[in-house]
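Down below is the structure, laid out as structure tokens.
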Amino acid sequence: MEEHLKILVVDDEECILDIFKRYFESSKNHTILTAGNGFEALEIIKTEQVNCCFTDLAMPKLDGLELARKINQYDNTIPVVVMTGYPSMDIAIETLKNGVVDFITKPFKMEQILPTISRVMASRTHFVNNILLKEEYEKTKKLVKVNEELQGKIKDVETINLILQNLDQAASSQDLFKILVNLTGKITPCDEAHFYLFTNEMNDYEIITSFFRNEKRTTDDAVLIEKETAQKVAGDGIPYLIKGSNGIGNIIAIPLKIKSKVFGILASVIHHENKSFGEKEIYFLNFLIEKASSSIENLALYENIYENLFSTLYAFVETIEARDPYTKLHSANVSRYAIAIARETGCSHEEIVKLNVSGNLHDIGKIGIPDSILLKPGQLTVDEYEIIKKHPVIGSNIIGHLGMWTDEQAIIRHHHERFDGRGYPDRLKGKNIPFLARILSVADVFDALTTDRSYRQKMPDNVAVEVVRENSGSQFDPKIVDIFLDLHSKGLLKNKFNL
Ligand SMILES: [Fe+2]
């Protein structure tokens, strides 16, 4: 069915308007609105939903061409048909620019009007579709651009996260230097990256750790920064982009500082002399160094506190051991045995460090046991033994107050648990006993058996080994005993510290 349209006819000649009205009255398919001049027409356009406009060209005040332009400005999807006795190409070009405009040459027959309406309405559909397509295209183009920007931003955030997460994993300064060069390899296209540490009051420097994109290369092949350059970077405390010696590659050298004092340089090298570092890469490198510097500062502080604290606590252990000449260096030996066993079980570096702390401090709780009991030469009474049995809890409480050795605290608490659940203080059984505590337990007993005590002489190694073997599965974890026996048979558990 033909679409019902509102058609506006504009002419200063009343008779033309009448002809239109009469012609469309009979068809009733379309509604005819009329205006005697351009201004009146514009008012109607603004208040009625006009679908199409026929206008005379020559009109006083506002001519048809100007009206067409104004209608276009208001809504360029309303087709305007100019009725003119003088059609010209100039007019056509002028008016076709902004919307749908057509012409009908006077004089015309009313039979020509409906085909003209169909034609301009079809043109309008085409015109609107084009606008929509164009808008769609622009939108898509904009969307692609925004998406590209977003992807770039996401990548930046990912790089920042990568840096922060990696730096966060550093447990020691040495770890951090390794992470630093590896991250440099990830965030820049460098072929190699080195961390130089200044020694000897900044007079010397040496490579502490390196990254090579080509894994076959070693520090021997490294493109080094010259001493003068290194000292300049350190002296000025700012990054330098430099040519490698003999024109080999491009190097960016960034100083690392603790409390504004340079202590090292991160040097990132691109071998190809025509390739260099991008602005963003330099930005990320600076970000990396800034974060690494503060991490190193914290780690150095922590390592310092950690070492101080450990030394202080170990001094307590030495005091306890000094009270009993028979137990001198017991803790140091237990740690050695335990670490040897732990290495064989495939423990991580982190676990070895935990074992070192807990091994050396495992009997620190004996500080709370009276000398009369601790140093008693003869057999202990049941009550005295109960007091001795408190030392793992006392020890773990001492460590617990520090809040920094949670795992070590548990190892110390449970170093007298038995695999069959008959130990103390919590009667933990089997795998409920922390793994490192199970290792410590074997090491502890073996060292005790092979050391003279106030109440008995030391056992020969082979006898002590048999005692450990006999208690496999009851007192000790059988898997750990197997490893212990294997290490002992290879002669790897013999060298005891002695005074
Ligand atoms: Fe103990």
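Of everything in the range 111-125, what is aliphatic (A, V, I, L, M) and open to solvent by 50 Å² or more (accessible area, probe 1.4 Å)? Give them in sequence order. Give the derivation first.
Step one: list which residues in the range 111-125 are aliphatic (A, V, I, L, M), which gives 113-114, 117, 120-122.
LEU114, ALA122 - these are the residues of the range 111-125 that are aliphatic (A, V, I, L, M) and open to solvent by 50 Å² or more (accessible area, probe 1.4 Å).
Can you name the condition, by its number, that GLU307 falls short on among (1) within 29 Å of the chain's Cα centre (by Cα); (2) of a type in the set (D, E, K, R); (3) loosely packed, with under 14 Cβ neighbours inside 10 Å?
Here GLU307 meets the rest and fails (1).
Here are some conditions: (1) loosely packed, with under 15 Cβ neighbours inside 10 Å; (2) touching a residue at least 40 places away in the same chain (Cβ under 8 Å); (3) touching a Gly at 6+ places or on another chain (Cβ under 9 Å); (4) of a type outside the set (A, V, I, L, M). TYR205 meets all but one. Which one does it not meet?
(1)
Considering only residues that are touching a residue at least 60 places away in the same chain (Cβ under 8 Å) and over 12 Å from TYR314 (Cα atoms), which ones fall in the range 354-385? Write out each step before concluding.
We begin by selecting, within the range 354-385, every residue touching a residue at least 60 places away in the same chain (Cβ under 8 Å); these are 354-355, 358-359, 362, 375-379.
Answer for the range 354-385, where residues must be touching a residue at least 60 places away in the same chain (Cβ under 8 Å) and over 12 Å from TYR314 (Cα atoms): LYS354, LEU355, LEU375, LYS376, PRO377, GLY378, GLN379.
Starting from residues that are buried (at least 21 other Cβ atoms within 10 Å of the Cβ) and hydroxyl-bearing (Ser, Thr, Tyr), keep the ones in the range 312-338 and report whichever is farthest from GLY368 (Cα to Cα).
The extreme case among them is TYR337.
Any residue at all in the range 281-295 that's assigned to a loop (DSSP other than H, G, I, E, B), at pLDDT 85 or above, open to solvent by 20 Å² or more (accessible area, probe 1.4 Å) and not acidic (Asp, Glu)?
Taking every residue of the range 281-295 in turn, none turns out to be assigned to a loop (DSSP other than H, G, I, E, B), at pLDDT 85 or above, open to solvent by 20 Å² or more (accessible area, probe 1.4 Å) and not acidic (Asp, Glu).
Would you point out the residue of the range 366-424, among those that are in a helix (DSSP H, G or I), under 21 Å from SER335 (Cβ atoms) and charged (D, E, K, R), that is least open to solvent (accessible area, probe 1.4 Å)?
GLU408
The values are calculated or read from the model by the stated rules, or taken from the named source; none is laboratory data. Source: prediction; values computed, not measured. Methodologically, a virtual Cβ is constructed for each residue, glycine included, from the backbone with ideal geometry; neighbour enumeration extends over all protein chains shown. Note: accessible area is taken over every heavy atom of the protein model, side chains too, but ligands, DNA and RNA are not part of it. Shrake-Rupley method; radii C 1.70, N 1.55, O 1.52, S 1.80 Å.
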